[in-house]
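The values are calculated or read from the model by the stated rules, or taken from the named source; none is laboratory data. Computed from a predicted structure; not experimentally measured. Ideal geometry is used to build each Cβ from the backbone, glycine not excepted, and the neighbour counts take in all protein chains shown. Note: accessible area is taken over every heavy atom of the protein model, side chains too, but ligands, DNA and RNA are not part of it. Shrake-Rupley method; radii C 1.70, N 1.55, O 1.52, S 1.80 Å.
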Amino acid sequence: MDAGTRDRTNPPPRQGVFRTKSVEQSIADTEEPEHGLRKELSTLDLVVYGVGVIVGTGIFVVTGSVAKQYAGPATALAFVASAIACGLAALCYAEFASTVPVAGSAYTFSYASIGELPAWIIGWDLVLELALGAGVVAGGWSGYVTNLLSNVGIDVPSALSHKSGHYGFDILAAALVLVLTGIVMAGMKLSARITGVVVAIKVTVVLIVIFAGLFFITGSNYSPFLPPSQANTGNDSTLHAPLVQVIFGFTPSSFGIMGIFSGAAVVFFAFIGFDIVATAAEETRNPQRDMPRGIFGSLVICTVLYVAVSLVVTGMEKYSQLDTSAPLATAFKSVGAPFWSGMISFGAAVGLTSVVMILLLGQTRVFFAMSRDGLLPRAFSQVHPKFGTPYRTTVLLGVIVALIAGFFTVGELEEMVNIGTLFAFVVVAIGVIVLRRTRPDLHRAFRAPWVPVLPVLSVCASLWLMLNLSVETWIRFAGWMVVGFAVYFGYGRSHSRLGAGRER
């Protein structure tokens, strides 16, 4: 290969805030004894992690609210539409994860393709997304456990929970986070084993519910399958209105075709998690082969479960009568089968533990990668000599998430998780296009098809779902980004290993 060809396929790194960290350097950093993670995960481990984090509050809660407020029995189609948007992003994630098998997910991918400042922004965004996600799910777990305890005569004091509108410190949610933090710190393999057991219980409960529910389906409940469109004429303030409504003066519809897409923006929360699989790329034995399998395997399994559950629950009870807080449990009560209602609550309580643990794991890996690059203090990228995990990062973030779970309610955090994830999808899709142009010489064990058309479609789908989130969510997101810029220019830029020339 002549010099001209080398210049085209491996151009010199950019300077300033858009300087890029080469793929080769990212991989080389994983070989540092004190800053490298152990490779212990297989394809099965990755699929279990994906299913473990995706199947959570969405399958037990979101189904009912979307059916009643947006799509009726066609909620199954809303899940399919959301899965398609996630599938487009998954193809982009799979290409990056198999090409750059390094901890950090979208942060690492962005650093290798778009530049340091965009990578910092997405890393900062992911830290928020995963912290809030863990807090949301821990709060949901606490609610289920509180109800189960109440059924056996044990009442959690209002000052130590968020039940009945009280705003005390949720002690159960905080305690769960701290216990799982210890497990995450103790090693990836231990986390994988515990996750495997929990996922097995959770999926078994879901399958039992599906098959049991088949015997209580009433065909007339599916009519009409797609209820006629109704304009939303609520009096919500501008802050609570979807951004698309404020920008274009468009009022979103309930039911009808637009109701399916409005519902898809809501059920998207139920799919958050497959991207977490990519954060474990550095700890996978054969990432080039196993990462794409883990990402797609978990997404396909969860889509099938979601569609089946939505069809069962809307067949058991008329969509207009569904309970929006615990639709599966109340659907079984409505047909005179309270035993299954209790099993659902048990399955939800057990299943949500794996969701919290994997969100904590993903968050620590992103923070670890940013620390290893010098954008955050390098002390947080130290790996424990016995456990092989970033223990300082794990403890710090575990305490922070425990406080978030203790003080904030689920409703205050949920949409922030959605916008953070969708923003990451946009950046990763753009990164695939950029890296294809700047580094066509790279070996890609998995190549996303139809580039650049597919990544562009992924960007459009993610942006559309983002526009359906409230103005208030966008304002909070913008505020977090402003803080992120301040931290980068105040600390990260001057301490960057790449900027200081400390690259091997």
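Condition check ((1) touching an Asp or Glu at 6+ places or on another chain (Cβ under 6 Å); (2) closer than 20 Å to Leu360 by Cα) across all residues:
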residue	(1), (2)
Ala278	no, yes
Ala281	no, yes
Thr284	yes, yes
Pro287	no, no
Asp290	no, no
Arg293	no, no
Ile301	no, no
Leu311	no, no
Problem set entry | Scan of region 310-326 for residues that are surrounded by fewer than 21 Cβ atoms within 10 Å (Cβ to Cβ), among the charged types (D, E, K, R) and at pLDDT 90 or above, ordered by number | Lys318
For this session: Could you tell me which of the residues Ser298, Ser253, Ser262, Ser237 is modelled with pLDDT of 80 or more and either over 30 Å from Gly187 (Cβ atoms) or open to solvent by less than 20 Å² (accessible area, probe 1.4 Å) (or both)?
Result: Ser298
Exercise. Among the residues of region 34-56, is there at least one that is open to solvent by less than 10 Å² (accessible area, probe 1.4 Å) and among the hydroxyl-bearing types (Ser, Thr, Tyr)?
Worked result: no
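This table checks each residue for (1) of a type in the set (Asp, Glu); (2) on the phi < 0 side of the Ramachandran plot; (3) in a helix (DSSP H, G or I); (4) open to solvent by less than 10 Å² (accessible area, probe 1.4 Å).
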site: Pro118; (1), (2), (3), (4): no, yes, yes, no
site: Asp125; (1), (2), (3), (4): yes, yes, yes, yes
site: Trp141; (1), (2), (3), (4): no, yes, yes, no
site: Ala174; (1), (2), (3), (4): no, yes, yes, yes
site: Val184; (1), (2), (3), (4): no, yes, yes, yes
site: Ile194; (1), (2), (3), (4): no, yes, yes, no
site: Val197; (1), (2), (3), (4): no, yes, yes, no
For this session: Return the total of residues in region 199-209 being more than 21 Å from the chain's Cα centre (by Cα) and either within 27 Å of Phe407 (Cα to Cα) or surrounded by 17 or more Cβ atoms within 10 Å (Cβ to Cβ) (or both).
Result: 2
Exercise. Does any residue in region 37-50 that is of a type in the set (A, V, I, L, M) come within less than 9 Å, Cβ to Cβ, of a residue that is in a loop (DSSP other than H, G, I, E, B) six or more places away or on a different chain, and which pairs are these?
Worked result: Leu37/Thr30; Leu37/Ala103; Leu37/Val383; Leu37/Gly388; Leu37/Thr389; Leu37/Pro390; Leu41/Arg285
Problem set entry | The one condition in (1) surrounded by 24 or more Cβ atoms within 10 Å (Cβ to Cβ); (2) at pLDDT 90 or above; (3) closer than 26 Å to Val356 by Cβ that Tyr111 fails to fulfil | (3)
Exercise. Quick one: is Val366 in contact (Cβ under 8 Å) with a residue 24 or more places away in the chain, closer than 21 Å to Ser191 by Cβ, out of contact with any Leu (no Cβ under 6 Å at 6 or more places or on another chain) and open to solvent by less than 50 Å² (accessible area, probe 1.4 Å)?
Worked result: no
For this session: Please work out which one of (1) open to solvent by 10 Å² or more (accessible area, probe 1.4 Å); (2) modelled with pLDDT of 85 or more; (3) closer than 27 Å to Gly143 by Cβ is the condition Phe225 fails and give its number.
Result: (3)
For this session: Any chance you could count how many residues in region 80-103 are touching a Ser or Thr at 6+ places or on another chain (Cβ under 7 Å) and among the small types (Gly, Ala, Ser)?
Result: 4
Seminar exercise, completed: Per the filter on region 347-358, residues open to solvent by less than 10 Å² (accessible area, probe 1.4 Å) and either β-branched (Val, Ile, Thr) or under 15 Å from Met188 (Cβ atoms) (or both) are Ser354, Val355, Val356, Met357, Ile358
Exercise. For region 468-488, what are the residues that are closer than 30 Å to Glu95 by Cα, at pLDDT 85 or above and in contact with a helix residue (DSSP H, G or I) (Cβ under 9 Å, 6 or more places away or on another chain)?
Worked result: Trp474, Phe477, Trp480, Met481, Gly484, Phe485, Tyr488
Seminar exercise, completed: Of the residues in region 472-500, those that are closer than 30 Å to Asp29 by Cα, among the basic types (Lys, Arg) and either touching a Cys at 6+ places or on another chain (Cβ under 9 Å) or part of a helix (DSSP H, G or I) (or both) number 1
